[in-house]
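Scroll down for the structure; my scribbles are underneath it.
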Amino acid sequence: MDLFVCGTYASISCGTWLGFWNGAIGAFVAAFVGGIVALMVVRLTNRHQSNLAAKGRVLAALADYQVALSELPRRYAEGNEAIRKLVMQADAASNRISMDMDDFPLAEELSLWPLDLGVLAKRAAELHEGGSVGATDYAYRMLRQALSKLIGTTQRWARTPARRRRKWAPQLQALRLDLKAKVDEILV
């Protein structure tokens, strides 16, 4: 028994009509599937490009952050205005970091460093102006040590997998709080 019962219509046989519809349906399905695949590829490519752009913006902001903070030991003796400008530059860079970094605790921790380092640089400047060479040297060494750990950590950001960077925020927080306690105890 035939599954399809058809005859000839417009001088075209039943088999030809079945072949035509088979091809038309196949073409429609192929076009639909191809369109879905194309949309998925475009979305994935756009998402990948967006992630790369965000990573590039974070790297640029980290570089600006590091530049501003690394100037503190070189320019603390210029006084409060120089320190204030550098802290503001680092703070602006940390805001840009916060906008694009996917690790909020690390971004938040990085945003706290400029002010604390600025306070240390300001106290070192005051000690320098007061002629206290020993205390100035101690404050300068504290500033350099804190900066070397902070900048050394942030320089590895692009080459370190995200799961390993998750440990940085607590480590940097402990270092910052220790530094803050030393500043409050010794340099008051």
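Quick notes on this structure:
- If R0 equals 45 Å, the separation of the Cβ atoms of residue 132 and residue 47 corresponds to a calculated FRET efficiency of about 0.20.
- Approximate spin-label separation residue 167-residue 144, in nm, with each point projected 7 Å along Cα-to-Cβ: 2.8
- All-pairs Cα distance distribution in the stretch 70-155, expressed in whole percent, bin size 5 Å: 3, 16, 25, 23, 16, 9, 5, 2, 1, 0
- Gaussian network model of the chain, Cα within-10 Å springs - most flexible of 60, 24, 158: 24
- Hits among lysines - C-alpha to C-alpha of residue 85 under 25 Å, sequence gap 8 or more where chains match: 122, 149, 180, 182
- When each of the peptides 82-88, 176-182 is scored by how many other beta carbons lie within 10 Å of its residues on average, the order from highest to lowest is 82-88, 176-182.
- Neighbourhood net charge (14 Å Cβ-Cβ; Lys/Arg +1, Asp/Glu -1) for residue 51: +1
- Taking a sphere under 13 Å around the Cβ of residue 178 and counting the other residues whose Cβ falls inside, with K and R at +1 and D and E at -1, yields a net charge of +1.
- The chain: most fluctuating residue of 121, 38, 169 per GNM, C-alpha cutoff 10 Å: 38
- Dipole moment magnitude, nearest 20 debye, the chain about Cα centre, only Lys, Arg, Asp, Glu C-beta charged: 460
- Computed 3J(HN,Hα) for the stretch 137-149, one whole-Hz value per residue from the Karplus formula 6.51 cos²θ - 1.76 cosθ + 1.60 where θ = phi - 60°, is 5, 5, 5, 4, 5, 4, 4, 5, 5, 4, 5, 5, 6, glycine and proline marked x.
- Kirkwood-type radius of the chain, with distances r between different C-alpha atoms, in Å: 20.8
- For residue 76, net neighbour charge (Lys/Arg +1, Asp/Glu -1) across residues whose Cβ lies under 11 Å away: +1
- Rounded to whole Hz, the Karplus (6.51, -1.76, 1.60) HN-Hα couplings of the stretch 17-31, x for glycine and proline: 4, 4, x, 4, 5, 4, x, 5, 5, x, 5, 5, 5, 5, 5
- Separation of the residue 158 and residue 18 label points, Cα + 7 Å toward Cβ, nm: 6.3
Quick note: the coordinates plus some simple rules give every number you see, no bench work behind them. Just so it is clear, the structure is predicted and the values come from calculations on it, not from any experiment. Cβ sites come from the backbone with ideal geometry, for glycine too, and all protein chains shown count toward neighbours.
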